[in-house]
Amino acid sequence: SQSAVHLVDHLGRDHLHQALEHDVRTGLTSTPKWLPPKWFYDEAGSELFSRITRLPEYYPTRRELAILRRHSLDIATRSGADTLVELGSGTSEKTVLLLDALSATGTLRVYTPVDVDAATLADAAHWLAWRYRGLTVRAICADFEAHLALLPRTGRRLVAFLGGTVGNLAPAAREVFLKELRATLRPGDTFLLGADLVKDTDRLVAAYDDGSGVTAAFNRNVLHVINRELGADFDPDAFEHVALYDARHEWIEMRLRASRAMRVRIPDLGLRASFVAGEEMRTEISAKFRPEGLRRELLTAGFGTTRQYIDPTGDFVLLLAHP
Ligand code: AVJ
């Protein structure tokens, strides 16, 4: 049978622009300054992130793949899903393991990848429709924090949120997100959550400050995005990449540090921002978890039973939760 690809865009240029304008205005007028990590991911940023996943220092992708290789059939069987919804799907490279398993158990009908980067999303959608005969791909360009209510409500769904992207949400935002997601699920649906675990600080920091500078380029990419989209005049090369582990909050922080005093103009916002030499602007938090803590968060959000899959090295966890 024939595959089909449908693309739905909830982030038309207008919405994207408004959301970016709002975030940049909020972040650059705050003290200290900050920017949300979702703006890393234009086409160049998604490509840089793909390169990060292949770096020797960046273990999470390989660990999650190892878990999926070993347990995706079990996950597929327990979910019984005909519809796989994936939040923050990116290139969907790891997703093939889940799609293979759901094909093998015979239930797969629809794949719904959800991502902020329309170009990467469209590529992945076409590639997977070609690879899986008879699969309907309903790709949704959306912000998983803002648009949960717009996700498809039909079918028996497995909602996957992989890679540890949940760590980009600060605890309060995470609580809201998990509750809202729980509210969209019905009995029979399942939620598969991937999370990076607390570990040795040196390995954590190395994963976010690789020797070849790919993560530094990824970090600076947010400034290129703001220059292009809002006509700003950031000099990305005048910012140094900083990655540090905040042991109290158990999260990695990425920052951009101004190597000299600078004034930046953002004409589309009618805004000027000044940086003093050495000033640091936060661009990402990536929270690290303890399995029991994350299970408690799922319980608090109203999920019922949760199965846990930890990779043999203890670096990464997948949780399969039932509403
Ligand atoms: C895509 C959010 C899971 O936090 O590890 C990688 C993003 N940032 N290197 C992560 C990221 C720097 C990544 N997530």
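The values are calculated or read from the model by the stated rules, or taken from the named source; none is laboratory data. Predicted model only: the values in this text are computed from it and were never measured. Cβ placement follows ideal geometry from the backbone for every residue including glycine, while neighbour counts extend to all protein chains displayed.
Observations on the structure shown:
- Residue within the range 243-252 that is within 16 Å of the ligand (Cβ to nearest atom) and under 24 Å from residue 91 (Cα atoms) present: yes
- So residue 272, is it under 30 Å from residue 78 (Cα atoms) and of a type outside the set (A, V, I, L, M): no
- Exactly one residue out of 284, 250, 292 is within 23 Å of the chain's Cα centre (by Cα) and buried (at least 19 other Cβ atoms within 10 Å of the Cβ), and it is 284.
- Residues in the range 151-178 that are within 23 Å of residue 309 (Cα to Cα) and more than 18 Å from the chain's Cα centre (by Cα) were compared, and the one that is nearest to the ligand (Cβ to nearest atom) is 157.
- Looking at the range 1-103, the helices (runs of 4 or more DSSP H) lying wholly inside it that each contain 2 or more residues that are of a type outside the set (Ser, Thr, Tyr), in contact (Cβ under 8 Å) with a residue 60 or more places away in the chain and within 13 Å of the ligand (Cβ to nearest atom) sit at 43-53, 60-79.
- Subset of the range 239-268 (residues that are in contact with a Leu (Cβ under 6 Å, 6 or more places away or on another chain) and farther than 30 Å from residue 308 by Cβ): 239, 266, 268
- From the list 286, 274, the one residue that fits, being within 16 Å of the ligand (Cβ to nearest atom) and either at pLDDT below 95 or closer than 30 Å to residue 228 by Cα (or both), is 286.
- Scanning the range 190-234 for residues being within 16 Å of the ligand (Cβ to nearest atom) and within 19 Å of residue 168 (Cβ to Cβ) gives a total of 25.
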